[in-house]
Amino acid sequence: MLKMMTFFQGLSGHQPVQGTLDFPRSPQKLPSTSEAESETSMSVASSEDLVPPLEAGTALYREEEKTVKKKKEKQKKSKGLANVFCVFTKGKKKKGQLSSAEPEGTARSRQGLDGPPPTVEELKAALERGQLEAALPLLALERELAAAAAAGGASEEELVRRQSKVEALYDLLRDQVLGVLRRPLEVAPERLRQALAVVSEQESEDRQAAAAAAAGPGTLGLAVTRPRRWLQLWRRGVAEAAEERMGQRPTAGPEVPENVFLHLGRTMKEDLEAVVERLKPLFPAEFGVVAAYAESYHQHFAAHLAAVAQFELCERDTYMLLVWVQNLYPNDIINSPKLAGELQGVGLGSLLPPRQIRLLEATFLSNEAANVRELMDRALDLEAQHWAEDVPPQRLDGHCHSELAIDIIQIISQAQAKAESITLDLGSQIKQVLLVELPAFLRSYQRAFSEFLERGKQLRNYRANVIANINNCLSFRMSMEQKWQVPQDTLSLLLGPLGELKSHGFDTLLQNLREDLKPLFKRFTHTRWAAPMETLEKIITTVDVRLPEFSELQDCFREELMEAVHLHLVKEYIIQLSKRRLVLKTAEQQQQLAGHILANADTIQHFCTQHGSPATWLQPALPTLAEIIRLQDPSAIKIEVATYATCYPDFSKGHLSAILAIKGNLSNSEAKSIRSILDVSTGAQEPSRSLFSLIKVG
């Protein structure tokens, strides 16, 4: 990390990204094209920024205006010299700017007509003063030299001497032109147009020279000086300007990668917008000014990020690097409203190669999986500490409430959103990672809760915390069903630990009630079913007294718990019928018992349904057994047994034998024949709900 900090020395300084991708503008006001055109002559400023303050430009203009006036006064002292410079200055109000009354083409057409051609020395002086009008006389001088060489009248020594002077003048012109183009927003638009026209003219001359060279041998006695490739030199200058701008040290902030990325992104976006708004209207199409600047800034940005990626990055830096490469750069810079149309055909590409991006994404996914695991474990440890310290749960809308589910869901959601802030594809990838981490956490949660159920029975807030954790299951389930959209089998697998947690919680909450009911159910057999209605009334009263204890459960879980109570009542009733202690030898006795069972079944069903039990599947359990006991015809009994087995596939021969034992007037052969009906497959699948599998018979 120390190496990383050293690397960023002098490069970073802006505040970290705070969730916004809108780059703040530079405090300097950018003059519009119309404002810039209203300025007159302006020399190249010394500002380091591509976009200087308007006030500074105005000051420079005033200072240069004074300088130009002084120079004009000196020029008046020499009439002969004034006649020569009339070629460059006649009709001009200020240096480098055409008269508003005389178009550029008209001015050029007058060169050489108002006076004698300038000498080499006069051209040199003009170029040193930055007068780009000297480009045309210089080009004429170059052509005159080529014509002299072709005519063969001059000696080789004379040609070399004259060519060296022409090339020296071209060096001066090149420096002046490229100097103007290096700071294009710091000069008056008309002077910029002059420099661009010179480059275009030189490119045209390069093409003519190339065509002439292809047609035949070059001019004897002259060195080959074309192509001069000034357009290429301009592009190189653009790259240097981009490096200078992007390499400037930000004004403030810690030296961390994300601040450097922000500085690079802001600089590139603002500068390219200035190029599009102010330079593109002035530059000829052959320059491809937007593409030239965009490619140079892109290359510098990419070089910075490639250098950063070579370091061993921390989690934050890995994330920020991916955010910039995969999201902010392509979406908020390249496809920003002002640049999207201009950069569409440039084809800048990605800031990093695909292989490096994949490695960074793999590192990111691994980091996030570890972070999610650590955060969820920490949240569970804190929750378990609250249980052990007997901290009461919160109450929310009359229900016991725990923050654990909310914390876990938030951890998962934040990891998902973080990945999606890079790319949606990475969001899909992390979803698979989270589908592994979440079930592992839920298993840990279920184990920790089971330990609490065993160790915390003496705590004052024991039952309230049990209810709060059962209520947690609803938040987990709703989050998975609504946000994850996973297949049902996968969802069942995910919810498996929660089902066990809820089941263990219900068992704990119902333990006291079951203990209270145990001696009451035994009265059925102890009294040989003498007064079953009175016994059942006591059972119902006992349950009714306990029900308020479960009022702080969520409504859906209170219904599930009531279904568990319903199941317990039916199950215990059947167990008492299956004790083999009651043998009724007459049909009347059997019919009387069947009547009691039907009445008790109706009471149980009505009470449980009234208190929210949704267990309609339990409704035929007792009435059908009563019908089996009442019937005397073995064939009719077989039909009832077959129907019963379709409703309750876990109804076995052992259970049937225990019920048939009540019918003391049934022969062994008849009982065997009735039991054989269960040998016939009814096509029923494994029961989705258990009833008789919970009942053991001898």
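Here segment 528-694 is assigned +1 on the Cβ of each Lys and Arg and -1 on the Cβ of each Asp and Glu. Its dipole about the Cα centre then comes out at about 900 debye.
Converting phi to 3J(HN,Hα) with the Karplus coefficients 6.51, -1.76 and 1.60 and the offset θ = phi - 60°, segment 498-508 yields 5, x, 5, 4, 5, 4, 5, x, 4, 4, 5 Hz in sequence order, with x at every glycine or proline. Restricting the calculation to Cα atoms, segment 500-561 yields a radius of gyration followed by a Dmax of 14.0, 41 Å.
Rolling a 1.4 angstrom probe over the protein heavy atoms, how many square angstrom per residue are accessible across segment 528-694? Walk me through the numbers before you get to the answer.
Numbers: 7880 Å² over 167 residues.
About 47 Å² of surface per residue is accessible.
Since only P257, I333, T318 are under comparison, the one whose Cα sits farthest along the positive direction of the charge dipole of segment 235-352, derived from C-beta charges on Lys, Arg, Asp and Glu, is I333.
Over segment 358-505, with the other protein chains present, what is the accessible area per residue in square angstrom, probe 1.4 angstrom?
Accessible area per residue, segment 358-505: 50 Å².
Our coupling estimate for segment 120-126, obtained by passing each phi through the Karplus curve with A = 6.51, B = -1.76, C = 1.60 and θ = phi - 60°, is 4, 5, 5, 4, 4, 5, 5 Hz, Gly and Pro reported as x. Farthest toward the positive end of the dipole of segment 416-475, out of I430, L474, A448, is the Cα of A448, where the dipole comes from beta carbon charges about the Cα centre. In whole Å, what is the distance between the alpha-carbon centres of segment 606-672 and segment 154-215? Between the Cα centre of segment 606-672 and that of segment 154-215, the gap is 109 Å.
Phi angles across segment 181-193 convert, under the Karplus curve 6.51 cos²θ - 1.76 cosθ + 1.60 with θ = phi - 60°, into 3J(HN,Hα) values of 6, 5, 10, x, 8, 9, 10, 5, x, 5, 5, 5, 4 Hz, Gly and Pro given as x.
If Lys and Arg each add +1 and Asp and Glu each add -1, what is the summed charge of the other residues whose beta carbon sits under 13 Å from the beta carbon of E588? Show your work: numbers first, answer last.
Values: positive: K585, R630, K663; negative: none.
Combined, the nearby Lys, Arg, Asp and Glu give +3.
Inter-label distance, V545 to R143: 12.0 nm, where each label sits 7 Å from its Cα along the C-beta direction.
The tail of the calculated P(r) for segment 281-406 beyond 23 Å holds 56 percent of all Cα-Cα pairs. Rolling a 1.4 Å probe across the protein heavy atoms gives segment 235-352 an accessible surface of 38 Å² per residue. Please grab the % of Cα pairs in segment 235-352 that end up more than 21 Å from each other. Of the Cα pairs, 36 percent sit more than 21 Å apart.
Volume per residue of the convex hull around the Cα atoms, evaluated for segment 237-293, comes out as 79 Å³. Cα-based values for segment 477-620, radius of gyration first and Dmax second, are 18.6, 63 Å. Counting only the Cα atoms, segment 115-224 fills a convex hull of 110 Å³ per residue. For segment 349-381, the residues whose backbone nitrogen is under 20 Å from a point 7 Å from the Cα of A440, taken along Cα to Cβ, are 361-381. Distance between the modelled labels on V583 and R161, one decimal in nanometres: 14.8 nm (7 Å Cα→Cβ projection). Dipole orientation for segment 148-277: of the candidates W230, L181, Q248, W230 has the Cα lying most toward the positive pole (charges on Cβ; Lys, Arg +1; Asp, Glu -1).
Extending 7 Å from the Cα toward the beta-carbon at both H606 and D489 defines two label points whose distance is 4.6 nm. Placing +1 on each Lys and Arg Cβ and -1 on each Asp and Glu Cβ, with no other charges, gives segment 358-505 a dipole about its Cα centre of roughly 300 debye.
With N as its number of residues, segment 139-282 has a Cα radius of gyration that, divided by 2.2 N^0.38 Å, comes to 1.45. Give me the log10 of I(q) over I(0) for segment 528-694 at q = 0.16, 0.17 Å⁻¹, as the Debye formula computes it from C-alpha points; what are the numbers? The Cα Debye sum returns log10 ratios of -0.95, -1.05. P(r) tail, segment 358-505: Cα-Cα pairs separated by more than 21 Å, 45% of all pairs. Would you mind calculating the relative contact order of segment 358-505 from Cα pairs under 8 angstrom and at least 6 residues apart, reporting the percent as a whole number? Result for segment 358-505 is 32 percent.
Using the crude model of +1 on Lys and Arg Cβ and -1 on Asp and Glu Cβ, and no other charge, please compute the dipole size for segment 277-423 relative to its Cα centre, in debye to 20.
Numbers: 10 positive and 20 negative charges, 160 e Å.
Using only the charged Cβ atoms, the result is roughly 780 debye.
Accessible surface of segment 528-694, 1.4 Å probe: 50 percent of it comes from carbon and sulfur atoms. As a fraction of the 1.4 Å probe accessible area of segment 358-505, surface on carbon and sulfur atoms comes out at 51 percent.
At q = 0.13, 0.20, 0.22, 0.27 Å⁻¹, what log₁₀ I(q)/I(0) does segment 461-541 have when each alpha carbon counts as one equal point scatterer in the Debye sum? These q points yield log10 I(q)/I(0) values of -0.62, -0.86, -0.96, -1.18.
The values are calculated or read from the model by the stated rules, or taken from the named source; none is laboratory data. All of these numbers come straight from a predicted model, not from anything done at the bench. Here Cβ is always computed from backbone atoms with ideal geometry, including for glycine, and neighbour counts include all displayed protein chains. Note: areas computed on protein heavy atoms with side chains; ligands, DNA, RNA excluded. Shrake-Rupley method; radii C 1.70, N 1.55, O 1.52, S 1.80 Å.
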